[in-house]
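To start, the structure under review is shown below, and the notes come after it.
The values are calculated or read from the model by the stated rules, or taken from the named source; none is laboratory data. All values reported here derive from a predicted model rather than from experimental measurement. All Cβ positions, glycine included, derive from the backbone under ideal geometry; neighbour counts span all protein chains shown. Calculation scope for accessible area: heavy atoms of the full protein, side chains included, ligands and nucleic acids excluded. Shrake-Rupley method; radii C 1.70, N 1.55, O 1.52, S 1.80 Å.
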Amino acid sequence: MSRQIPLDVVDDHGNSFYVSERKVYPRDVSGRFNRLRVAAVVWLLGMFYVFPWLKWDGRQAVLFDLPARKFYVFGLSFWPQDFLFLALLLIIAAFSLFFFTALAGRLWCGYACPQTVWTEVFLWMERWTEGDRPKRMKLDAGPWNREKILRKGAKHALWLAFALWTGFTFVGFFTPIHDLGSRLVPFQLGGWETFWVFFYSLATWGNAGFLREQVCKYMCPYARFQSAMFDRNPLLIAYDPMRGEPRGPRKRGLGSVLERARGLLDVRTAYDYVFRASAHPTAADNRAQARGTITLAAAGEKPEPLPRFAPEQLGDCIDCTICVQVCPTGIDIRNGLQYECIACGACVDACDEVMTKMGYPRGLIRYATQNGIDGKPSRVLRPRIFIYGLVLLSLCTAWAWGVTHRSELIAEVLRDRNALYRQTAQGIENDYTIKLVNKAQQAHRYRISLEQAPAGLVLAGGAEAEAGPEQVVPVAVRVASDGSVGGRQEIRFLIEREDGQERRIIESSFFGPVQ
């Protein structure tokens, strides 16, 4: 028996669960946080695009040589045996995220996340070719003509060139980039090299050019679990409703509420105004097309619209919606903290500029704690900050000490598996292969001897070996007995560098006839 299962794609109030995304057109903005963000973009992309081309001790400065199983980072080289340091580095990254989130919210998202950094560059290219927000909106809404084709074509040509450069540079971290570049013309890249160049180029083009804020909202898990690390004391970008509400346009000349008799609203009234304004957006709000997932009321609750206020009753927010227009995720920060907010500070710069033009004090939208916004005591430096900071400092110290004090010698002993022992005219012999790994960048000579060997056991002829830079050298050695040693005996090989800076002791076994 077959029966169709009814599906509902709307809630009780007719709101669809599947809403198509409208394109966000971030407006250009200037200010101290924008300068900081540009500096971060230049610094981070500078490292990404420049580091592979640098030389260090005759080789590429940063190279992850997977076939050779070696990672080079300037003067440091990491072998598979150094996996512990990679694991520790990931733990440090996790604690750094906890520390900075508890201290100042989503600093990583706003200034250092690769999605944010590359999207910012793609937005620059979009503004160069299509103009600022109004021109881009007009261009997209208009018919296809010669100007639109040329502008769209120029934008995608720049995007594609930058994406291909990004993909090529990415592969250049795993294949020597000078060799990779020499094989571009004529095109002689290998199959996997070609695949990863185009794959990473396509990922950059798609994520930074088209998906943009949707990666932050729907793909990145950080936005989802950040609430577990938030309380009312981390620094975050917040709107001050006690000062800003009720919002509305006014003529120039009206002073700030900080200068008028009205003063600041009480917290309850201010948030009631925010709630009612979000439920009944103004024409300016509708034009700005703010969106977000924050819910300020229970399901089905519909508040009364705000009355019309006299100019003297208005707060400092003039409802220009520029804070919405500059937001790269298209939200209205005046509705409160939302998981879509990446803490880039664009709305702070935009609002400060408007406040300056109106002759009002800056800081209507600012970095502050939620307790500080609500007029309550706030503690930015609280126990969890000190705990995270102490753990992070300890981990960084341990990692740095471990990396700088690593041994440059790896030694392993393998017994001959063909026979437990061999009888000769002089007695009993065991054969061994000692594998020496010189992790240093210089050649070194090593001496091999027995340490505190049982009576009657000697290293036949002694042994010395020379290993070149980063070379693995197998050394065959023999341990002999005059016949007086039987059964299984514990022995220890001592491998020592000639300059005495490195030494390793490796345990093994000597076998003779059971007596």
* Alpha carbon Rg of the range 167-288, scaled by the compact-globule rule 2.2 N^0.38 Å -> 1.90
* Asked: If you stretched the chain out fully between T356 and W399, how much longer would it get, using 0.36 nm times the residue separation minus the C-alpha to C-alpha distance?
  -> 10.7 nm
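Taking the solvent-accessible surface of protein heavy atoms with a 1.4 Å probe, what is the per residue accessible area of the range 362-442 in Å²?
Values: 4700 Å² over 81 residues.
For the range 362-442, the per-residue accessible area is 58 Å².
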* **Given charges at beta-carbon only (K, R positive; D, E negative), |dipole| of the range 390-514 in Debye** => 240
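Considering every Cα-Cα pair within the range 305-346, what fraction, in whole percent, is farther apart than 12 Å?
Values: 572 of 861 pairs.
Counting every Cα pair in the range 305-346, those more than 12 Å apart make up 66 percent.
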* Note the angle between two axes, namely the Cα long axis of helix 83-104 and the longest principal axis of the Cα atoms of the chain, as a number of degrees from 0 to 90, rounded to the nearest 10. => 20
* Hey, got the Cα dimensions of the range 438-515 along the principal axes, in Å, largest first? -> 49, 19, 18
* Pairs of Cα atoms farther than 19 Å apart, the range 317-420, % -> 67
* To do: Give the calculated FRET efficiency between I149 and T269 to the nearest 0.05, with a Förster radius of 56 Å applied to their Cβ-Cβ distance.
  => 0.60
* If each of A61 and Q81 carries a label point 7 Å out from its Cα toward its Cβ, how far apart are those two points in nm? -> 2.9
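Above 12 angstrom, tally the Cα pairs of the range 218-270 and express them as a % of all pairs, no decimals.
Details: 1051 of 1378 pairs.
Here the long-distance tail beyond 12 Å is 76 percent of all Cα pairs in the range 218-270.
Among the listed pairs K251/K357; K23/K135; K152/K357; K302/K376, which have their C-alpha atoms separated by more than 23 angstrom in this model? Can you show the working numbers first?
Details: K251/K357 12 Å; K23/K135 14 Å; K152/K357 35 Å; K302/K376 29 Å.
As for pairs spanning more than 23 Å Cα to Cα, those are K152/K357; K302/K376.
Considering only protein heavy atoms, with the full assembly of protein chains and a 1.4 angstrom probe, order K135, K148, K251 by accessible area, largest first.
Details: K135 140, K148 10, K251 175 Å².
From most accessible down to least: K251, K135, K148.
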* Compactness of the range 79-162 as Cα Rg over 2.2 N^0.38 Å, two decimals -> 1.72
* Taking amide H positions as placed in the peptide plane 1.01 Å from N, state which residues far from A440 in sequence (5 or more) or on other chains have amide H under 5 Å from it. => E470
* Structure fact -> Spelling it out for L450: with amide H atoms placed in the peptide plane at 1.01 Å from N, the residues 5 or more places away or on another chain with amide H under 5 Å from its amide H are L459, L494
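Give me the percent of the accessible area of the range 322-465 that comes from carbon and sulfur atoms, probe 1.4 Å, all protein chains in place. Provide the component values of the computation, followed by the final result.
Values: 3880 of 6820 Å².
With neighbouring chains kept in place, the figure for the range 322-465 is 57 percent.
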* For the range 50-113, which whole-number percentage of the solvent-accessible area (1.4 Å probe, protein heavy atoms only) is attributable to carbon and sulfur atoms? -> 79
* If pairing requires two Cys Cβ atoms under 4.7 Å apart, which cysteines of the chain are left without a partner? -> C109, C113, C216, C220, C317, C320, C327, C341, C344, C351, C396
* **Angle in degrees between helix 346-358 and the longest Cα principal axis of the chain, rounded to the nearest 10** => 40
* Structure fact -> Of 74-85, 433-444, ordering from highest average Cβ density within 10 Å down gives 433-444, 74-85
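Take V73, V413, V185 and sort them by solvent-accessible surface of the protein heavy atoms, 1.4 Å probe, largest at the top.
V185, V73, V413
May I ask you to give the solvent-accessible area per residue for the range 180-273, in square angstrom, as obtained with a 1.4 angstrom probe?
Ligands and nucleic acids excluded, the figure is 55 Å² per residue.
So, counting K/R as plus one and D/E as minus one, what does the shell of residues with Cβ under 10 Å around A270 add up to? It would help to have the intermediate numbers written out before the result.
Values: positive: R243, R268; negative: D240, E245, D266, D272, D374.
So the surrounding residues net to -3.
Test of understanding: express the Cα radius of gyration of the chain as a ratio to 2.2 N^0.38 Å, with N the residue count.
Numbers: Rg = 33.5 Å, N = 515, 2.2 N^0.38 = 23.6 Å.
Cα Rg divided by the expected 2.2 N^0.38 Å: 1.42.
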* Structure fact -> Residue-ordered couplings for the range 137-146, obtained by feeding phi - 60° into the Karplus form 6.51 cos²θ - 1.76 cosθ + 1.60 and rounding to whole Hz (Gly and Pro as x), are 5, 5, 5, 5, 7, x, x, 6, 9, 4
* **Binned Cα-Cα distances of the range 405-469, short to long, each 10 Å bin given as a whole percent** => 16, 42, 29, 12, 1
* Asked: What's the angle, to the nearest 10 degrees (0 to 90), between helix 191-206's Cα axis and the longest principal axis of the chain?
  -> 20
* Just check the range 13-132 against the gyration tensor rule for me: Cα atoms, a ≥ b ≥ c as the square roots of the eigenvalues, rounded for a/c under 1.5, and otherwise prolate or oblate depending on whether a/b exceeds b/c. => prolate
* Structure fact -> In terms of the charge dipole of the chain, which places +1 on Lys and Arg and -1 on Asp and Glu at the beta carbon, the residue among A411, P176, L123 farthest towards the positive end is L123
* Asked: What net charge is computed for the residues neighbouring G375, neighbours being all others with C-beta under 13 Å from the C-beta of G375, Lys and Arg scored +1, Asp and Glu -1?
  -> +1
* **Part-to-part distance (alpha-carbon centres) for the range 373-415 and the range 417-463, which is given in Å** => 41
* In the full protein assembly as shown, how much of H280 is accessible to a 1.4 Å probe, in Å² to the nearest 10? -> 60
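If Rh is defined by the Kirkwood formula over all Cα pairs and Rg also comes from Cα, what ratio Rg/Rh do you get for the range 70-127? Provide the component values of the computation, followed by the final result.
Working: Rg = 16.2 Å, Rh = 14.0 Å.
Radius of gyration over Kirkwood radius for the range 70-127 works out to 1.15.
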